[in-house]
Amino acid sequence: MIAGAFYIAKTKVNSRAQGDDAYFICGEKQTIGVADGVGGWAKLGVDPGEYARQLMINSFKAILMEPEGKINLKRVLNQAFLDTNAKGSSTACMINLKDHCLHVANVGDSGFMLIRKRGGIYKSEIQQRSFNHPFQLGKLNADVLDSVQQYKVDVEAGDILIVGTDGLFDNMFENQIKDVAEKLTEGGIDPEQVARAVAESAYQISLDKNATTPFMLASSKSKRHRSGGKADDITVIVAYIVHD
């Protein structure tokens, strides 16, 4: 797979501003990952993004140490968890492509969707204890690694993989993401530019107080009734599955 990414921090200073999200792309090992630091730590004077950044850096290092062709994402995540000493906690979603199959390890409400060449969409499930309270990894007050979801999804050449933090999936419905991604990929645009377009679309919706969003609908079901878009850090990775 060929991947590119784009990140918009909630601070909105610019695309390079540090926020709560982090990600990595390891082309050598055909593995990508995103993490979203839990914002509640800011109330304790802790930078929520520091844990996420360390977790992703340590995940990248652990992946490079994995045996060729035998990457175990739960083992990688466990090693990264042990090596991350920052205060805080984070969601995480990591995906490895091997033998025409996506191998997934997920904790929390970051996730992915697969736009299939033959039609249809596959979307990962949100893992949370209650509305807006996702499972998370961290040194204190966090879920153990046994909560990591692991599964496989078959892919073929022409499929488009979209990986993101909840800043994406709370603001855009699957068909909205699909429409943006497919229009650009049909024009041969590289994945980083597609990731940027998707992230910017999510950002514009996040500013709309009247928008109908997945976050709004979920809040209504939980009787919280939050209207419009949700201001949040937005990370998007787009990957093309390019050959069988």
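The values are calculated or read from the model by the stated rules, or taken from the named source; none is laboratory data. This structure is a prediction, so every number in the text was calculated from the model and none was measured. Cβ placement follows ideal geometry from the backbone for every residue including glycine, while neighbour counts extend to all protein chains displayed. Note: areas computed on protein heavy atoms with side chains; ligands, DNA, RNA excluded. Shrake-Rupley method; radii C 1.70, N 1.55, O 1.52, S 1.80 Å.
Condition first: open to solvent by 10 Å² or more (accessible area, probe 1.4 Å), more than 12 Å from residue 151 (Cβ to Cβ) and assigned to a strand (DSSP E or B). Now tell me which residues in the stretch 97-129 satisfy that.
97, 98, 121, 123, 128, 129
Out of 180, 163, which single residue is touching a strand residue (DSSP E or B) at 6+ places or on another chain (Cβ under 8 Å) and open to solvent by less than 40 Å² (accessible area, probe 1.4 Å)?
Result of the check over 180, 163: 163.
Using beta carbons and a limit of 6 Å, which pairs, at least six apart or on different chains, have the first residue in the stretch 225-244 and among the aromatic types (Phe, Trp, Tyr) and the second one surrounded by 24 or more Cβ atoms within 10 Å (Cβ to Cβ)?
These pairs meet every condition: 240/191.
What number of residues in the stretch 102-161 are at pLDDT below 85 and hydroxyl-bearing (Ser, Thr, Tyr)?
Total satisfying the criteria: 2.
Just give me the residues in the stretch 26-43 being crowded, with 21+ Cβ neighbours inside 10 Å and either of a type outside the set (Phe, Trp, Tyr) or modelled with pLDDT of 95 or more (or both), in sequence order.
The initial filter retains those residues of the stretch 26-43 that are crowded, with 21+ Cβ neighbours inside 10 Å, namely 31-38, 41.
31, 32, 33, 34, 35, 36, 37, 38, listed by residue number.
Could you list, in sequence order, the residues of the stretch 57-96 that are over 18 Å from residue 36 (Cα atoms), surrounded by 20 or more Cβ atoms within 10 Å (Cβ to Cβ) and modelled with pLDDT under 95?
71
Do any residues in the stretch 88-117 that are closer than 26 Å to residue 44 by Cα have Cβ atoms under 7 Å from those of residues that are of a type in the set (Phe, Trp, Tyr) and assigned to a strand (DSSP E or B), where the two are at least six apart or on different chains, and which pairs are they?
93/112
Which condition number in (1) surrounded by fewer than 18 Cβ atoms within 10 Å (Cβ to Cβ); (2) among the hydroxyl-bearing types (Ser, Thr, Tyr); (3) touching a His at 6+ places or on another chain (Cβ under 7 Å) is the one that residue 212 fails?
Evaluating residue 212 over (1) surrounded by fewer than 18 Cβ atoms within 10 Å (Cβ to Cβ); (2) among the hydroxyl-bearing types (Ser, Thr, Tyr); (3) touching a His at 6+ places or on another chain (Cβ under 7 Å) leaves (3) as the failure.
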